[in-house]
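Scroll down for the structure; my scribbles are underneath it.
The values are calculated or read from the model by the stated rules, or taken from the named source; none is laboratory data. Just so we're clear, the structure is a prediction, and the values are computed from it rather than from any experiment. Virtual Cβ from ideal backbone geometry, glycine too; neighbours counted across all protein chains shown. Only protein heavy atoms, including side chains, enter the accessible area calculation; ligands, DNA and RNA are left aside. Shrake-Rupley method; radii C 1.70, N 1.55, O 1.52, S 1.80 Å.
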Amino acid sequence: MALGLKEATRKLLDPGSYLGWALIAIFTLVGVYFWAGKISSNYPSLLMDIMMFVGIALSLAVIMSFAGYVSFGHAVFFGLGGFSVTIVFRSATKGGILAGVTSNSVVLLVLGLLLGIALSILLAATVGAAVLRLRGAFFAIATIGMDYVILYLETLVGEGGELEFNPGYTNFLEKTYAFFLIGFILTFLIVYLVRVSKFGYGLAAIREDEDAAEILGVDTTRYKIYAFIIAAALAALWGGLFSWRTSSVGPENFSLKYSVDMIVMNVIGGLGTLAGPIIGGIIYYIVKRLTLIYVPQLAYVVMGVIVILVVSFFPEGIVGIVNRKVKKLSEYLI
Amino acid sequence: MDAASLVTNILNGLITGAILGAVASGLTLIWGVMKVVNLAHGHLAVLGAFLAVILYKYTIGLNPLLAPFAVFIIGVVIGAIFYYTSLHIIVGKAETMTLKVEMNSLLSTFGFGIAIYGLLSYAIGRGWIAQYEGFTGWALKVGGKTYTTILGTNIIYAKLYAVAIAVLLIVAVEMFLRKTIWGLTIRAVAQDSRAVALTGYNPVTVKLVTTLLSTAMALMGGALYAIFVGSGINPDLEHVLAPLSFVIVVLGGLGSVLGTFIGGLIIGVTNGIVYALTGETAIGLATSFVILILLLLWKPTGLFGR
């Protein structure tokens, strides 16, 4: 199932990866200027937003877009990631179990991210694995249920679930940008390798016809669970980074609105592709940003109308349409 | 916990459950008949609650007791808008619901839902309507008292009225589905839409009628909920009503209106008992979703499903 190292290196230079590398190059370049103190924090902040949006879109893509299982409760992993980072930081303050062990915020962040990823993998491998037996709408509803169970349990902690922490504010934005960049590169590499590996083709087979895939020898159960685990871990990574950036966690982090963001980005971009969530994520972010600037109170209405229009008239999404009209591009927009 | 407070919590649970059953009953219809998992259902119910308040407070001063019926009629119109904007292109012509169609309908209803949410938030943001207000200042009085005492528990008359109308709605819809030719057709489409077409009924029309009925029931359920809670109506109620509706519908069995009502009672009582034991509403809600996941895994057809 896994790619060999040599093969993976070769795949990383395929045309399908150019889009991702181009983005990484831009983000790194802006980062270098930012770290050198040459530009203000406006552009890096904007790019961090985009990195997170594309990042969570890519995380959901592994299960929704590649395998065809629409998880409406994916925010649960995003929330768990944020919750873990918060808990680790809080336990390093006076009276916590990590008090006196270390107060290095970078170490704590990495610990928090790892804890979040571990918890998410645990949840995805147990409850998630059971829920993956369901198909279509039943799966979607069960994941919503999973999200709400954790959300309601989270509200029992702290004041209605609202927790804050002190991430240590020396060079905070510079550090945050570095972590977001590393997170983005990791996310892209993992999702890209899933897409081009045998595993990815197995997932595509599951999406098109699960029974047929099973008959043809795809270990559907195992593939689905692995895909769900990868998707969960990546969502937890971004949830953790997001909480670090906002220095807090709350029931809001588990809110379905993050699931919605992830789903809509994938739908707009085009299902079944790697370029879909990347392009969809960037466009969605721009649209969301513009609506928030010009018609802030109607942001939800705009989003709802876009979803209906896309699903009704362009169910194949931007990448699907572009690839159909311009055949040459389909090599790059895989 | 003593026996008296347990009785109180169970009684309150039954009342809450009856209302939730009424809210969820529209969902079982559209899901059971059209196989459309209507993610806008919760938003539609909240819209119904707001419409009831708007009719009473901001426009014609309609008596809250009549609100559910008025909202039902408005719901038919909104149902038509809902069908033609979000469903017709996707499921109108679809003979069978493939996974792809199902997913698309899920997303489009979802889009309609957040559009409603956005419009309500907009109206609130502009100060056209107020949230957390509901029917504050209004109370149903019988003999100068606003509540009666049943088994040592004080129960507000308005809540009893809402329960009575909820039961009426369930019975009426159940009769409609069993006794009228349209009802029979709707149930037939749920089983075999092609066979219905052969008998001369247009399945597209049946889908439209189902959506109208389901939407009107969702809005009416919301209006009943508004009477039931009295105040505290806000757009985020959706986060309680929608997921609970899913739990109840799955519990009651897809397509069974009566089953949904009983499912509502079960969830209401469960929440009541869990609340009595733990003192936390959140744990009661979490329990409901655990029930949902377990049910989906072990008996997705529910208690009364085929």
- Being in contact (Cβ under 8 Å) with a residue 12 or more places away in the chain, more than 30 Å from A:Arg135 (Cβ to Cβ) and touching a Ser or Thr at 6+ places or on another chain (Cβ under 9 Å), is that true of even one residue in the range B:88-108? no
- Query: Has the range A:82-89 got any residue that is open to solvent by 10 Å² or more (accessible area, probe 1.4 Å) and within 11 Å of the chain's Cα centre (by Cα)?
  - Reply: no
- Number of the exception - B:Ala94 against (1) open to solvent by 40 Å² or more (accessible area, probe 1.4 Å); (2) under 30 Å from B:Val196 (Cα atoms): (1)
- Message: Taking the conditions exactly as written (more than 19 Å from the chain's Cα centre (by Cα) and buried (at least 20 other Cβ atoms within 10 Å of the Cβ)), does A:Gly160 satisfy them or not?
- Response: no
- Note on the structure: Checked B:Leu44, B:Leu55 against criteria (more than 9 Å from every other protein chain (Cβ to nearest Cβ), surrounded by fewer than 24 Cβ atoms within 10 Å (Cβ to Cβ) and in a helix (DSSP H, G or I)); the one match is B:Leu55
- Log entry, pairs with first residue in the range A:321-334 being farther than 20 Å from A:Ala22 by Cα, second being in a loop (DSSP other than H, G, I, E, B), beta carbons closer than 7 Å, six or more apart or on different chains, reads A:Ile321/A:Phe314
- Message: Restricting to the range B:252-282, and then to whatever is open to solvent by 50 Å² or more (accessible area, probe 1.4 Å) and closer than 21 Å to B:Asp2 by Cβ, can you tell me which residue is farthest from the other protein chains (Cβ to nearest Cβ)?
- Response: B:Ile273
- Flagged in the range A:1-55 as acidic (Asp, Glu) and not in a helix (DSSP H, G or I), in numbering order, are A:Asp14
- Only one of A:Ala137, A:Ala125 that is within 14 Å of chain B (Cβ to nearest Cβ) and either in contact with an Asp or Glu (Cβ under 8 Å, 6 or more places away or on another chain) or touching a residue at least 12 places away in the same chain (Cβ under 8 Å) (or both): A:Ala137
- When A:Ile308 is evaluated against the numbered criteria (1) within 13 Å of chain B (Cβ to nearest Cβ); (2) open to solvent by 50 Å² or more (accessible area, probe 1.4 Å); (3) of a type in the set (Val, Ile, Thr); (4) under 30 Å from A:Gly16 (Cα atoms), which criterion, by number, is the only one it fails? (2)
- Message: Which of the numbered conditions does A:Asp261 fail, given that it passes all the others? Conditions: (1) within 12 Å of chain B (Cβ to nearest Cβ); (2) over 13 Å from the mean Cα position of the chain (by Cα); (3) modelled with pLDDT under 90.
- Response: (2)
- Within the range A:311-333, restricting to residues that are outside any helix (DSSP H, G or I) and open to solvent by 40 Å² or more (accessible area, probe 1.4 Å), the one that is nearest to the other protein chains (Cβ to nearest Cβ) is A:Pro315
- Note on the structure: If we ask which residues in the range B:219-248 are within 11 Å of the chain's Cα centre (by Cα), modelled with pLDDT under 90 and more than 14 Å from chain A (Cβ to nearest Cβ), their number turns out to be 0
- Message: Here's a check for you: in the range A:1-46, which residue that is in contact (Cβ under 8 Å) with a residue 40 or more places away in the chain and open to solvent by 60 Å² or more (accessible area, probe 1.4 Å) is nearest to A:Arg245 (Cα to Cα)?
- Response: A:Trp35
- Message: I'd like to verify a number: residues in the range B:93-122 that are of a type in the set (Asp, Glu), part of a helix (DSSP H, G or I) and more than 7 Å from chain A (Cβ to nearest Cβ), how many?
- Response: 0
- Task: Would you be able to tell me the number of residues in the range A:268-304 that are more than 13 Å from every other protein chain (Cβ to nearest Cβ) and polar (S, T, N, Q)?
- Result: 1
- Message: Pairs please, first residue from the range A:93-116 and among the hydrophobic types (A, V, I, L, M, F, W, C), second anywhere and open to solvent by less than 40 Å² (accessible area, probe 1.4 Å) and assigned to a loop (DSSP other than H, G, I, E, B), Cβ atoms under 7 Å, 6+ apart in sequence or on different chains.
- Response: A:Leu98/A:Ala92; A:Ala99/A:Ala92; A:Leu108/A:Ala92; A:Leu108/A:Thr102
- Residues being in a helix (DSSP H, G or I), in contact with a Lys or Arg (Cβ under 9 Å, 6 or more places away or on another chain) and of a type outside the set (A, V, I, L, M) - total across the range B:199-245: 2
- Message: I'm checking my understanding of the structure. Among residues of the range A:244-258 that are away from chain B (no Cβ under 12 Å), touching a Phe, Trp or Tyr at 6+ places or on another chain (Cβ under 9 Å) and within 15 Å of A:Leu153 (Cα to Cα), which one is surrounded by the most Cβ atoms within 10 Å (Cβ to Cβ)?
- Response: A:Val249
- Criterion: more than 28 Å from B:Leu62 (Cβ to Cβ) and either in contact with an Asp or Glu (Cβ under 9 Å, 6 or more places away or on another chain) or open to solvent by 70 Å² or more (accessible area, probe 1.4 Å) (or both) - qualifying residue of B:Arg187, B:Arg126: B:Arg187
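In this structure, is A:Ala130 facing chain B (nearest Cβ under 8 Å), open to solvent by less than 10 Å² (accessible area, probe 1.4 Å) and either under 22 Å from A:Leu80 (Cβ atoms) or assigned to a helix (DSSP H, G or I) (or both)?
no
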